[in-house]
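I have placed the structure first, in the form of structure tokens, so that the comments after it can refer back to it.
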Amino acid sequence: MSTIEIKNLGKKFLRSGSSEDTAVTAIESLDLRIQDGEFFTLVGPSGCGKSTLLDILAGLAAPTSGEVLVDGEPVSGPSLERSVVFQQYALFPWLTAVANVEVGLESQARRGRGLDKSGRRIRANEYLRLVGLQGVEDKYPHELSGGMRQRVAIARALAHEPKVLLMDEPFAALDAQTREQLQDLLLDIWNRTRTTIVFITHGIEEAVYLGQRVAVMSSKPGRIKEIINIELDGRHSVDDIRSTPQFSDYRHRIWTLLHESAPSAGNSPVSRKSLVSPGVPA
Ligand code: ADP
Ligand code: MG
């Protein structure tokens with residue numbers, strides 16, 4: 001569990017061989033504080049800077065301006081305390097499921113902070129069980145379905161018990177039913193561990209279903225447009241929540257915010273009227 005402070009963050013990408021004038025501003029003056037143990041989701045249109053932000057939080061990319069503090073310490077590079085799960089199953093194809101989970105534990109062990117070999121095997125198996133993968137420990141990624149591979153990726157991210165879990169559209173490549181299963185699995189894990197989670201998605205329903213707060217991003221440049229507290233009574237079952245009026249209200253509010261921030265051509269007040277899509281109340 002950890003508090004994340006994002007202060008006046010900016011990120012520009014320079015087009016190679018050109019001057020700063022033609023830089024792409026992916027993120028501009030972004031301020032955000034994510035609480036210890038929070039499940040925070042971030043939704044925004046394609047290209048608005050979500051992955052750029054996540055990469056900076058992970059320490060995989062450096063900001064052009066501003067800074068990110070985790071528990072008061074500036075992020076200056078990748079750390080096992082901040083695990084990342086990407087959309088594509090970043091598993092090693094030549095390693096079994098259990099060996100893929102052990103990879104992170106091994107690098108921890110090399111730094112003298114980890115478990116011995118048998119401890120690592122036990123821990124990896126524990127986390128494969130946690131994500132519902134007992135029985136497939138010795139299978140290779142190509143022998144697993146997409147949903148199972150993403151479960152392995154989640155087990156790997158969690159096995160070394162990071163303070164922060166960073167997820168970049170982790171379920172976007174899965175079919176709807178598998179996606180809903182993994183959403184519930186993730187909520188279940190979060191309820192048990194209270195790991196701080198930053199979850200990026202372009203799915204409005206997914207953002208509302210998972211997040212305690214949903215940040216809506218606008219694009220060009222990427223900024224936080226609004227943050228919405230999600231309060232849904234009685235999380236009984238998937239169907240219950242998603243069919244409540246409150247859920248529809250949140251969904252509609254976020255949908256509206258996203259369409260207000262649609263870039264260029266579709267952004268005039270006149271053409272915006274034509275953006276009402278079927279199934280979403282106008
Ligand atoms: P999202 O994840 O929300 O779809 P990204 O963070 O990937 O958006 O991209 C934000 C903006 O930054 C886009 O305009 C994209 O083209 C640009 N961008 C991202 N990565 C690079 C890069 N390595 N070089 C140049 N431009 C980039
Ligand atoms: Mg992205």
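The numbers here are math on the coordinates, done by the rules we state, and not lab data. For clarity, every value in this text was computed on a predicted model and none was experimentally measured. Positions of Cβ are backbone-derived with ideal geometry, glycine not excepted, and every protein chain shown enters the neighbour counts.
In this structure the amide hydrogen of LYS225, modeled in the peptide plane, comes within under 5 Å of the amide hydrogens of VAL216, MET217, SER218, none closer than 5 places in sequence on its chain.
Only aspartates and glutamates eight or more places from LYS139 in sequence, or on another chain, were considered; those with a Cα closer than 15 Å are GLU102.
Can you tell me the length gained on complete extension of the stretch ARG192 to TRP94, counting 0.36 nm per residue apart and subtracting the Cα distance? Don't jump to the answer; show the numbers that get you there.
Working: separation 98, 0.36 × 98 = 35.28 nm, distance 3.17 nm.
Fully extending the segment from ARG192 to TRP94 adds 32.1 nm.
Of interest is the spacing of the C-alpha centroids, which for the range 124-159 and the range 62-120 amounts to 16 Å.
Relative to a virtual label point 7 Å from the Cα of LYS12 in the Cα→beta-carbon direction, which members of the range 59-75 show backbone nitrogen distances below 20 Å? Flagged as within label range: 61-68.
DSSP assigns beta bridges within the chain; of those with both partners inside it, close to 50 percent run antiparallel. In a reduced charge model with +1 at each Lys and Arg Cβ and -1 at each Asp and Glu Cβ, the chain shows a dipole moment near 400 debye about its Cα centre.
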